[in-house]
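Here is the structure we will look at, set down as structure tokens.
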Amino acid sequence: LFNFKIKFQTEGVVWIHVILLLLINSSFNLLGSVIINFVPVNKGIKNSNGQIIGILHSDDTFSDKTVISSIVNSFVTSKVDLIWADVIFVDKKMKVRRVYSGADISPLNFNWGIMPPHPSVFIKKDCYEKFGYFNIKYKIASDYDLLFRFLTLNNLKYFYFPKVLVKMKIGGAS
């Protein structure tokens, strides 16, 4: 698990931490898919001194170099706790295979098992401190559980950012 912090000047100073998940902190299921170990992810969030947390998985990349500054500016101007955007699924040759848009998603969608595209989610650190971290008892649904608790049970203020933020490689456990 690697943390890096980026400092942006907007209205005051906003620190953002992006937690990069590497396979060393994961295990494989019988099909060879990666299962994320959320213990080090939670530790990275707790040890972060950033105000905003984003999680980028090992095979995923940001869509361009403006992602972080765009997210920081969106947090400052929209006064929300959580932001999500769109994700594209790409193959090994980086050809787009699927677009996962968060445009029409709301907390009501959890009733049908639909959640925001988790690789595009950025959350204020104090929300983790108030409402909890990833539940490590779930091997592939910790992200769903966390977003359900934050958006549905605790009614966090959220904002959909209308842009592809993450290129996600096809594969994985879920």
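The values are calculated or read from the model by the stated rules, or taken from the named source; none is laboratory data. This one's a predicted model, so the numbers in the text were calculated from it and none came from an experiment. Ideal geometry is used to build each Cβ from the backbone, glycine not excepted, and the neighbour counts take in all protein chains shown. Side chains included, ligands, DNA and RNA excluded: accessible areas come from the protein's heavy atoms. Shrake-Rupley method; radii C 1.70, N 1.55, O 1.52, S 1.80 Å.
Provide LYS130, LYS167 ordered by accessible surface of protein heavy atoms (probe 1.4 Å), highest first.
LYS130, LYS167
Cβ under 9 Å from THR61's Cβ, THR61 left aside: what net charge do those residues give with Lys, Arg +1 and Asp, Glu -1?
0
Give the accessible area for SER78 in Å² (nearest 10); use a 1.4 Å probe, count only protein heavy atoms, and leave out ligands, DNA and RNA.
40 Å²
Heads up, I need the accessible area for ILE136: 1.4 angstrom probe, whole protein in place, Å², nearest 10.
Approximately 90 Å² of ILE136 is accessible to the 1.4 Å probe.
For the pair LYS95/LYS79, report the inter-label distance in nm, with labels modelled 7 Å from Cα in the Cβ direction.
With each label point 7 Å from Cα toward Cβ, the separation is 4.8 nm.
Need one number: nm distance between label points at TRP112 and ASN135, each 7 Å from Cα along Cα→Cβ, rounded to one decimal.
It works out to 2.3 nm between the two label points.
What net charge do the residues around PHE38 carry, taking every other residue with its C-beta under 15 Å from that of PHE38, with Lys and Arg at +1 and Asp and Glu at -1?
It works out to a net charge of +3.
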